[in-house]
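**Q** Handing you a structure now.
The values are calculated or read from the model by the stated rules, or taken from the named source; none is laboratory data. Everything numeric here is computed off the predicted structure, so don't read it as measured data. Positions of Cβ are generated from backbone atoms using ideal geometry, with glycine treated the same way; all protein chains shown enter the neighbour counts. Calculation scope for accessible area: heavy atoms of the full protein, side chains included, ligands and nucleic acids excluded. Shrake-Rupley method; radii C 1.70, N 1.55, O 1.52, S 1.80 Å.
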Amino acid sequence: MKKLQVAIFISGRGSNLESLIQSSYKKQSLVKVQLVISNNSKAKGLVIAKKNKIPSIHCVQRKNFENKVIKYLKNIDIICLAGFMQVLDSKFVRKWRLRLINIHPSYLPAFKGLNAQNQAIEAKATYSGCSVHYVTSKIDSGKIILQKKVKILKKDNTESLSKKILIEEHTIYPKALQMVAKKILSKKK
Ligand code: GAR
């Protein structure tokens with residue numbers, strides 16, 4: 001079976017990148033991680049790509065980022081944003097409609113945007129979570145693919161909540177990617 005080719009966009013640590021790579025090694029995986037693109041030359045995720053012998057590029061210029069990376073995406077079927085902290089332009093987002101997905105550290109639609117875990121703590125919410133969704137030009141607003149709730153205890157702070165959410169992120173993101181791949185493959189038939 002020919003696997004779908006995935007590019008992963010990162011900006012930093014790359015723990016979601018790692019979980020997506022590891023799950024892609026499973027025999028039944030419908031995807032292969034083919035490329036990593038970072039907008040930060042010092043992103044730890046670039047080391048993870050190298051360790052796994054996955055080609056990577058970095059492009060730190062915000063201006064024209066999309067035009068600069070497009071040539072590397074010719075054979076790519078799906079793009080995963082994994083801690084990619086840059087808003088992509090709407091033309092690019094439209095071109096990749098239903099093939100561009102993101103993970104966000106909250107139970108959307110609550111706590112969109114930056115520092116979602118801190119927003120949940122500040123709001124004294126009783127739960128938050130994480131969500132994988134299709135990317136649209138409205139930030140953190142595309143259709144949800146998969147999400148998971150995480151309880152917030154009185155003793156939790158931003159750090160402890162982020163840790164609990166991250167554990168769930170590493171489970172739902174690979175699952176959501178398989179769901180998206182399955183859908184694309186079923187349309188190709
Ligand atoms: C993750 O918690 C991810 O959900 C979040 O950044 C972190 C990246 O960690 N993304 C966003 O906040 C996007 N709005 P990682 O680099 O270890 O995957």
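**Q** Looking at region 42-94, which of the residues that are assigned to a helix (DSSP H, G or I) and open to solvent by less than 20 Å² (accessible area, probe 1.4 Å) is farthest from the ligand (Cβ to nearest atom)? Outline the logic, then answer.
**A** Quick first cut of region 42-94, residues assigned to a helix (DSSP H, G or I) only: 45-51, 65-73, 90-94.
Remaining after also requiring open to solvent by less than 20 Å² (accessible area, probe 1.4 Å): 45, 49, 65-66, 69, 73, 92-93.
Numbers: G45: 6, A49: 12, F65: 16, E66: 18, V69: 18, L73: 20, F92: 17, V93: 14 Å.
So, considering only residues that are assigned to a helix (DSSP H, G or I) and open to solvent by less than 20 Å² (accessible area, probe 1.4 Å), the one farthest from the ligand (Cβ to nearest atom) is L73.
**Q** Would you check which residues across region 23-41 are open to solvent by 50 Å² or more (accessible area, probe 1.4 Å) and touching a residue at least 40 places away in the same chain (Cβ under 8 Å) and list them?
**A** Hit for region 23-41 is Q34, nothing else.
**Q** Give region 113-149 a look and list any residue that's within 12 Å of the ligand (Cβ to nearest atom), open to solvent by 90 Å² or more (accessible area, probe 1.4 Å) and at negative phi, or say none.
**A** Correct list: L114, I139.
**Q** Among L161, L146, which is the only one that is farther than 30 Å from N75 by Cα, modelled with pLDDT of 95 or more and of a type in the set (A, V, I, L, M)? Full working, then the answer.
**A** Working: L146 fails: farther than 30 Å from N75 by Cα.
From the options L161, L146, the qualifying one is L161.
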